[in-house]
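Shown next, in structure tokens, is the structure this report addresses.
The values are calculated or read from the model by the stated rules, or taken from the named source; none is laboratory data. All figures in this text were calculated on a predicted structure; none of them were measured in a lab. Cβ placement follows ideal geometry from the backbone for every residue including glycine, while neighbour counts extend to all protein chains displayed. Only protein heavy atoms, including side chains, enter the accessible area calculation; ligands, DNA and RNA are left aside. Shrake-Rupley method; radii C 1.70, N 1.55, O 1.52, S 1.80 Å.
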Amino acid sequence: MHVRDSARFIVASNQMYGAVASITSSIKGDVTSRSCNIMRSEERFFINFVARDVNGNTPPAGSYVAIVPYTLNAYGAQEVQVAPHVFGTDGLSVMYEVGPPDDRTNKAVYPSVRLTTEEGSEAWDVSVGASFTDDIGLDYTMDATVVAAATPVTFTFTDKCGELVTDEIVVNAELNNGTFGGSSSAVFTTTTGSVTFTVDTDGVSDLNSSGMFLEVYPAGDRDNEVFIIPLRD
């Protein structure tokens, strides 16, 4: 009978890298695949980040892994130091919790994770690969460069991540140029994210850069919006 002893040595390098393993929302669940996230006031996002040395192992003791939240709120430990005698071939997994800023900014934020060597001599910032915004307003696109009389026009409404809004939206269209069958205003409701209508001429053909005001009232906690649209009748 032969008995063979074996030993495995894990040698850590002070060069580090890392990547996001998952991102989870307290409201939406798994959002790892999303490149843009709209944050509600009470929503929290949990970012699971794995730091490794260049060999894929746990970074050396004394290395730091820290979230850089910028204007987002960060909860719990924002910086983790690799403890002595912590070794492994799967890297170091760290969970960070972030939420929207206390005061609305309506701006997109791109948080990152900073990796710092045990001597503090080198540091790398690694993007989490997604943006986060507290802007709950709407944008619009239309299928024409200008609203023209007697030509149907379609308005499509998206959120600040560019996704179609399918909650109920009430649109009040007010005209300074043209008419809706003799009226200067009309109300449209949609749950598909778009509305289509046709403006009639008022008998005098001209282009008005502020010929139409769209007052948009989305359901829920989204912001109401007013858009000024050029109109040629």
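How about region 140-159: which of its residues are open to solvent by 20 Å² or more (accessible area, probe 1.4 Å), touching a residue at least 40 places away in the same chain (Cβ under 8 Å) and touching a Phe, Trp or Tyr at 6+ places or on another chain (Cβ under 9 Å)?
The answer is Tyr140, Met142, Pro152, Thr154.
Do you know which residues across region 186-208 are in a strand (DSSP E or B) and over 32 Å from the mean Cα position of the chain (by Cα)?
Ala186, Asp200, Leu207, Asn208
Do you know which of the residues in region 209-226 that are open to solvent by 80 Å² or more (accessible area, probe 1.4 Å) and in contact (Cβ under 8 Å) with a residue 40 or more places away in the chain is farthest from the chain's Cα centre (by Cα)?
If we filter region 209-226 for residues that are open to solvent by 80 Å² or more (accessible area, probe 1.4 Å), which is where we start, we get 209, 217, 221, 224, 226.
Checking the rest, the ones that are also in contact (Cβ under 8 Å) with a residue 40 or more places away in the chain come to 217, 221.
Details: Tyr217: 22, Asp221: 17 Å.
Looking at the filtered set, the residue picked out is Tyr217.
Cβ contacts < 6 Å: first residue polar (S, T, N, Q), restricted to region 180-193; second residue surrounded by 11 or more Cβ atoms within 10 Å (Cβ to Cβ) and assigned to a strand (DSSP E or B), any location; separation 6+ or different chain. Result?
Ser184/Leu175; Ser185/Glu174; Thr189/Val170; Thr190/Ile169
For region 5-87, which fully contained strands (runs of 3 or more DSSP E) count at least 2 residues that are out of contact with any Cys (no Cβ under 7 Å at 6 or more places or on another chain) and modelled with pLDDT of 95 or more?
Passing ranges, in order: 16-25, 45-53, 64-68, 73-75.
In this structure, does Ser121 turn out to be open to solvent by 70 Å² or more (accessible area, probe 1.4 Å), without any contact (Cβ under 8 Å) to a residue 40 or more places away in the chain, small (Gly, Ala, Ser) and out of contact with any Ser or Thr (no Cβ under 6 Å at 6 or more places or on another chain)?
On the way: open to solvent by 70 Å² or more (accessible area, probe 1.4 Å): yes; without any contact (Cβ under 8 Å) to a residue 40 or more places away in the chain: yes; small (Gly, Ala, Ser): yes; out of contact with any Ser or Thr (no Cβ under 6 Å at 6 or more places or on another chain): yes.
When the stated conditions are applied, Ser121 passes them.
Of all the residues that make up region 39-66, how many are among the hydrophobic types (A, V, I, L, M, F, W, C) and more than 30 Å from Asp223 (Cα to Cα)?
7
Before we move on, is Phe213 over 15 Å from Met142 (Cα atoms) and part of a strand (DSSP E or B)?
Working: over 15 Å from Met142 (Cα atoms): no; part of a strand (DSSP E or B): yes.
No, not satisfied.
Among the residues of region 124-139, write down those that are of a type in the set (Ser, Thr, Tyr) and surrounded by fewer than 18 Cβ atoms within 10 Å (Cβ to Cβ).
Ser127
With respect to the numbered conditions (1) more than 30 Å from Gly203 (Cα to Cα); (2) at pLDDT 95 or above; (3) of a type in the set (Gly, Ala, Ser); (4) surrounded by 12 or more Cβ atoms within 10 Å (Cβ to Cβ), which one is the sole condition not fulfilled by Gly162?
(4)
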